[in-house]
Amino acid sequence: MTDDVRRPAPGDLAATVAALEDRIAAVEGRAAELEARAGIEAAMVRYMCACDSPTGKGAAVAAAFTRDGIWEAVDRVEDHGAWAAQGTEALVKKFDRNHTRLPFSIHFLTNPRIDRLDLEAGTATARWYYFEPCTFQGTVPLWTAGHYVNDLAVEDGVWKLSHLRVATFFSTRFTTGWVDEPAYDTTG
């Protein structure tokens, strides 16, 4: 018999029980971390699906955030400075405006990375790259790409975005390309 399955000697019972309890605790800890990682990825998927929704965009996006959550564009290639919304009402307003501004968009996420995960506090920091073909104001086909660096928190038992930071590498017309036009103005 191997050490893993042998019966303990009568005097080893307490030690064996303690060792099994330690192993169970370690497995439970790993399971909790895996569940958290899945919840963090699911939070970003909910946000992306909401952004790409043809209707109800504002409420769906706001639901992906904590009640006081922040959406912030940083390092915008157009150099218009910070562009942000905080709290449910502001997020709904900002993203409902996107129905006419971006009537079509589809986000592709790559290279997910969880930089910090605190299971006890229910917080994390994670990042992704994105690529987004979209239509600006219904007539201009664009390619957009950049990255997200997000803080997340558990609220009401669900991982949600607490501070989303998006930086755009390029936003360019499909017909022009990002080499000739790295910063098409999409603030309108």
Have a look at Arg97, Arg127 and point out the one that is open to solvent by 40 Å² or more (accessible area, probe 1.4 Å) and within 16 Å of the chain's Cα centre (by Cα).
-> Arg127
Among (1) open to solvent by 40 Å² or more (accessible area, probe 1.4 Å); (2) modelled with pLDDT under 95, which single condition is Thr144 missing?
-> (1)
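When the range 39-57 is examined, which residues are found to be part of a helix (DSSP H, G or I) and in contact with a strand residue (DSSP E or B) (Cβ under 9 Å, 6 or more places away or on another chain)? Steps first, answer last, please.
So in the range 39-57, the residues part of a helix (DSSP H, G or I) come out as 39-52, 57.
Scanning the range 39-57 gives Gly39, Ile40, Glu41, Ala42, Ala43, Met44, Val45, Arg46, Tyr47, Met48, Cys51, Asp52.
Give me a count of the residues in the range 163-188 that are within 13 Å of the chain's Cα centre (by Cα) and open to solvent by less than 30 Å² (accessible area, probe 1.4 Å). Walk me through how you get there before you give the answer.
The initial filter retains those residues of the range 163-188 that are within 13 Å of the chain's Cα centre (by Cα), namely 163-166.
Add one more test, that the residue is open to solvent by less than 30 Å² (accessible area, probe 1.4 Å), and what stays is 164, 166.
Summing the residues that are within 13 Å of the chain's Cα centre (by Cα) and open to solvent by less than 30 Å² (accessible area, probe 1.4 Å) in the range 163-188 gives 2.
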Residues in the range 147-172 that are of a type in the set (Gly, Ala, Ser) and at pLDDT 95 or above: how many?
-> 3
State yes or no: is Asn98 among the polar types (S, T, N, Q) and touching a residue at least 40 places away in the same chain (Cβ under 8 Å)?
-> yes
When Asn111 is evaluated against the numbered criteria (1) open to solvent by less than 70 Å² (accessible area, probe 1.4 Å); (2) within 15 Å of the chain's Cα centre (by Cα); (3) of a type outside the set (Ser, Thr, Tyr); (4) farther than 16 Å from Tyr47 by Cβ, which criterion, by number, is the only one it fails?
-> (1)
Given (1) at positive phi; (2) open to solvent by 60 Å² or more (accessible area, probe 1.4 Å), index of the condition Gly122 fails = (2)
Can you give me the number of residues within the range 59-79 that are in contact (Cβ under 8 Å) with a residue 40 or more places away in the chain, buried (at least 16 other Cβ atoms within 10 Å of the Cβ) and not in a strand (DSSP E or B)?
-> 3
Members of the range 153-182 found to be in contact with a Ser or Thr (Cβ under 6 Å, 6 or more places away or on another chain) and in a strand (DSSP E or B), listed by number | Ala153, Glu155, Lys160, Ser162, Ser171
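The values are calculated or read from the model by the stated rules, or taken from the named source; none is laboratory data. Since the structure is predicted, the reported quantities are computational estimates derived from the model, not experimental observations. Counting neighbours? That spans all protein chains shown, and the Cβs are built from the backbone with ideal geometry, glycine included. Keep in mind that these areas ignore ligands, DNA and RNA; they rest on the heavy atoms of the full protein, side chains included. Shrake-Rupley method; radii C 1.70, N 1.55, O 1.52, S 1.80 Å.
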